[in-house]
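Enquirer: Okay, handing you the structure first.
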Amino acid sequence: MTDPTLPPMPSDPPPPPAPKKSPANAVVIGSAAAVIATIIATGFVVVHSVSNANKAAAATTKSSAPKAAPAVDATEDAEPTYAALDADSFTIELKTKSRQCFGSAGCNVTVEPNLTLMVDSGDVDPEATYEITYEIRGDESGPVIETAELTEQTSLNYTPSSISTTSAGTKLSVKITDVQEQ
């Protein structure tokens, strides 16, 4: 029998209470998300910084701008670099244009320099003028010093040289003594 003072029993037992979520789980998940976000952000900053450092290094290497100037994007505004020409940048030979000999009195010879550029012409500054000084030996009065001008990378201007030798068998020689950019 049932006690009238007690409430009636339900036919089904009550459902078990829902498990309580621990606040520790939320903290762990939130912390993990924060760590992942920090790692991604740090990676982005590092990659971006390295990229900017490489661009700045390239701009510094290729530019003659003062150090206080802002970094320049090397792909857009980099000035081309050209080879520094010197005596070893050329070979020289003499081309005989005319020869008139006078028996035992020697010969009058007109020669021109035949220069060969030993570096790629694309490595030569197209805006620069180079003075190439050379010395011709074999003249009866001593060495003859001449200068040729190289402009626009491949245009050579010179004056033919008149040489007087002591005999028809005198061999002329030439060597470059100096190259100056003007």
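The values are calculated or read from the model by the stated rules, or taken from the named source; none is laboratory data. Given the structure is predicted, the values throughout are model-derived calculations rather than measurements. Glycine gets a Cβ as well: all are built from the backbone with ideal geometry, and neighbour counts include every protein chain shown. Ligands, DNA and RNA are stripped out before the accessible areas are found, and what is left, the full protein with its side chains, is counted by its heavy atoms. Shrake-Rupley method; radii C 1.70, N 1.55, O 1.52, S 1.80 Å.
Enquirer: Multiplying the sequence separation of residue 35 and residue 82 by 0.36 nm and subtracting their Cα-Cα distance, what value in nm do you get?
Expert: Contour length minus Cα-Cα distance gives 11.9 nm.
Enquirer: Probe radius 1.4 Å, ligands and nucleic acids left out: which of 155, 141, 89 has the largest accessible area, and how do the rest follow?
Expert: From most accessible down to least: 141, 155, 89.
Enquirer: If you take every residue apart from residue 133 with its C-beta less than 11 Å away from the C-beta of residue 133, what net charge results, scoring Lys and Arg +1 and Asp and Glu -1?
Expert: Neighbourhood net charge equals -4.
Enquirer: Still on this structure, please answer the following. At R0 = 22 Å, how high is the FRET efficiency between residue 120 and residue 158 if r is their beta carbon distance? Nearest 0.05 is fine.
Expert: 0.50
Enquirer: When only the heavy atoms of the protein chains count and the probe is 1.4 Å, how do 91, 151 rank by accessible area, highest first?
Expert: Sorted descending by solvent-accessible area, the residues read 91, 151.
Enquirer: What FRET efficiency would be calculated for the residue pair residue 147, residue 102, taking the C-beta separation as r and a Förster radius of 22 Å, to the nearest 0.05?
Expert: 0.15
Enquirer: While we're looking at this one, here's another question. Based on the Cβ-Cβ distance of residue 178 and residue 140, what FRET efficiency does E = 1/(1 + (r/R0)^6) give at R0 = 25 Å, to the nearest 0.05?
Expert: E between residue 178 and residue 140, to the nearest 0.05, is 0.55.
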